[in-house]
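A.B. asks: Questions regarding the structure given below will be posed in turn.
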Amino acid sequence: MSKAAPISGARIDQVFQAHFSNISPDARLRPIQRTVIESVLEGHNTLALMPTGSGKSLCYWVAGKALAGVTLVISPLTALMDEQAAKLEQHGCKAFVLHSGINTDKQYRELIELYNARETPDFIFLSPERLATDGFLEFVFNNIRDRIKLVTIDEAHCISQWGLDFRPFYKEIPPFLDAVFGANAWPRILGLTATLNPVDCRQICADFGIEEAHVIRHDVLLRYEIAIRIEKVRDEDEKDERFCALLDAHRDEKVLVYVDRKHGKRSTEALCEAALAQGFKAAYFHADMTSDEKAEVIRRFRAGELLTVFATSAFGMGIDIPDIRGVIHYLLPESVEQYYQQIGRVGRDGKPSWAVLFYSDKNIEVRKTWFIERSFPDEAKIREAFAQLTASGRRRDTVNYFEQGDDAQSGYHYLVRSSVITPICKGVRELTPFEPVKGFTDPHWETYRKAARSGLLLLIAHKTGQTEREILERVYRWLAEGKLKAMRAPGKCLVIESTADTLPDALLQDILADVAKKKAHRYTLFDDFVALLDGYTNTFEFHMAIGEHLSIDRFARGRIHRTLSGDMVRSKSEVIIANILYQSGIPFVYEHPLRGPDGAIYVPDFTIEWRGRTYYWEHLGMLDTQDYWQKWERKKAWYAEHFQDQLLTTQETSTLSEETRTILASHFGVKPGPGDHQ
């Protein structure tokens, strides 16, 4: 991967103040955000694991603007793209959004303007499906690659959680980057997510060239402030009874109900209809709705015109509505990671929030047999996929992936991985949608027109002896330069080549083994989640169990209180100290390890860099305990020997706020802001 020269840290502050300082009245970059941004600006491919609501988006906003070029943002959901683009435009940034809900003509115009440098957006949002199937987009990006400075993969956990089957084009991101930039010339990569288990983390780092040193983890990824309740029920009737009672008890709060079923009995639509009949301000939300319809639901939910939304997983990641009070899971999600992502929608305003999950033995079985098992192709579907993709009898053909049947879509990626089907390029099935503008002549264009009246790409390639890629390269260039115009939307396709007339049995067995391996991984993730549910005792222990599953350090899991700065600390007294420091504008790092000249390591509660000096602040909360007091005496002597006059201390007293203010005045000459936030 290519590495550019690092950018000064002062540039971070300059960009933040110029564009994003009005996000909130006391807006400032948190230490974790600054660390992520600095890593990117230093030229490192970076993966950031930060809890929901901690400001992941601001990392790529600031980094992208500081790099002074185009940032590509690969995002999983159209609603998330639209929301992020709208926010950036409110801050004076220019953003393009490329997804199926946007008018095709408009998207072509924007890409043509981008090619000709008439418009240079700061951010371009697109889905993995779009980058994997759109030849003109790839052509334009290839020609402006020097202006693309950053590629952000938002909600990077989708690569592992969805890339196996549900959204397999997530696995096509690295080949796309190779095609646009060259295998060793990618721009900087920034992956962002809130939940990722160690196995998936290692895989993402391998796929995107991210070194372990540049995997930046927030000290605390857990949201202890969300009160979690797990309720196992006998059957659906008992579930409905409990669910209705819970919903009614919270009818005046904003509540998000997750139901991974769009239509039919007990679906998002059916449950919404029942709620409306009971007088709830409700709506449903799922992937079959248009972009405008989904945007309207989000707008009304944010404005308080709706208080209850029944949604599939299409609602969630990155959508920021701060005052959602509760999340109800009517049906089981599939993994610990998916569950924790979804409950992360609540309580972003810092006020009390809750999450309740209902499940039964039947729900477990349905999730396995109807959702997991059926999302993978069996032998018959693999054979049918090969038959559909090679139905023409030709070794080379054009296919529109999204027009193929479910079997072909399900099997396509396995056939590609086995190399029995090879994608040649992304293109259009025929050239008839294109017409030359007045005055344009070119012998190649005349040759293409004469070669096949039908305009079929494969036939033109056969008759002219040129490759499909060569033909498309010329056509796309003429289109971008305004020499051709599209009279209607060209039908996108993939040009594929098969290496065999029939599917070899040995290859089929290899594919089925690959399917079995991926299916087993999905089952393992789900079984681990069910085991957590069955072991539920209380909200605190459940958060801790999730932290253990995510391999969050046990020491870090003890940080359960959120401060104004977004840091998690261990005690309410430390919240008081941290909040006064934050309000006073005094930067600090919580529990940063300190190594002494003797090699010993201690962890002060707060480390403060102030006007060329470093201070270490220890809050003594248990001096009345003999063991604690003895350890503190040894630690105090160590500070005196190695860090003389750098130690600040407070004790557990009723006057802690005043004691803290006194230290601020005597050592920093700074008076804190009004009020203490506990």
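FYI, it's all coordinate maths here, none of it is from the lab. Fair warning: this is a prediction, and the values are worked out from it, not measured in the lab. No Cβ is skipped: glycine too gets one built from the backbone with ideal geometry, and neighbour counts run over all protein chains shown.
A.B. asks: Could you tell me the extents of segment 559-668's C-alpha atoms along the three principal axes, largest first, rounded to whole Å?
C.D. replies: 35, 35, 26 Å, listed from the longest principal axis down.
A.B. asks: Okay, moving on. Straight-line reach from K65: which lysines fall under 29 Å, measuring Cα to Cα and dropping same-chain residues less than 8 apart?
C.D. replies: Here the lysines satisfying the reach criterion relative to K65 are K3, K56, K87, K94, K106, K149, K171, K294.
A.B. asks: Give me the percent of Cα-Cα pairs in segment 112-229 that sit more than 16 Å apart, rounded to a whole number. Please list the in-between numbers first.
C.D. replies: Working: 4520 of 6903 pairs.
Pairs farther apart than 16 Å: 65 percent.
A.B. asks: When Lys and Arg each count +1 and Asp and Glu each count -1, what net charge do the other residues less than 13 Å away from T152, Cβ to Cβ, add up to?
C.D. replies: +1
A.B. asks: Which of T312, T447 comes first, and how do the rest follow, when ranked by fewest Cβ neighbours within 10 Å?
C.D. replies: Ordered from fewest to most neighbouring Cβ atoms within 10 Å, T312, T447 come out as T447, T312.
A.B. asks: Sort D134, D510, D645, D235 so the one with the fewest other Cβ atoms within 10 Å of its own Cβ comes first. Intermediate values should be presented prior to the final figure.
C.D. replies: Values: D134 20, D510 15, D645 8, D235 11.
Lowest count first: D645, D235, D510, D134.
A.B. asks: Express in nm, to one decimal, how much length is gained between K265 and A117 on full extension, taking 0.36 nm for each residue of separation and deducting their alpha carbon distance.
C.D. replies: The K265-A117 span can extend by a further 48.1 nm.
A.B. asks: Length gain on complete extension for the stretch T104 to L647, per 0.36 nm per residue less the alpha carbon to alpha carbon distance?
C.D. replies: 189.2 nm
A.B. asks: Given bins 5 angstrom wide, list per bin the percent of all Cα-Cα distances in segment 9-217, short to long.
C.D. replies: Spelled out per bin, shortest first, that is 1, 7, 16, 21, 22, 17, 11, 5, 1.
A.B. asks: Related question: Which of these values of mean projected area of the Cα convex hull in nm² was calculated from the structure shown: [x] 34.4; [y] 47.8; [z] 35.8?
C.D. replies: So the structure-derived entry is [x].
A.B. asks: From Cα pairs below 8 angstrom and at least 6 apart in sequence, can you work out the relative contact order of segment 9-217, rounded to a whole percent? Before the final figure, lay out each step's value.
C.D. replies: Numbers: 309 pairs, mean separation 62.3, N = 209.
The value is 30 percent.
A.B. asks: Ranked by Cβ crowding within 10 angstrom, fewest neighbours first, how are V180, V36 ordered?
C.D. replies: Going from least to most buried by this count: V180, V36.
A.B. asks: Quick one: net charge of R348's neighbours, Cβ under 15 Å, K/R +1, D/E -1?
C.D. replies: Summing Lys and Arg as +1 and Asp and Glu as -1 gives +4.
A.B. asks: Starting from 0.36 nm per residue, how many nanometres of slack lie between N184 and N22 once their C-alpha separation is accounted for?
C.D. replies: Length gained between N184 and N22: 54.5 nm.
A.B. asks: Next question. Would you calculate, for the chain, the mean residue ellipticity at 222 nm contributed by helices, counting each DSSP H stretch of 4 or more residues as -39,500 (n - 2.57) and dividing by all residues, to the nearest 500?
C.D. replies: Calculated mean residue ellipticity at 222 nm is -12500 deg cm²/dmol.
A.B. asks: Segment 407-435 to segment 481-549: how many Å between their Cα centroids?
C.D. replies: A separation of 19 Å, based on Cα centres.
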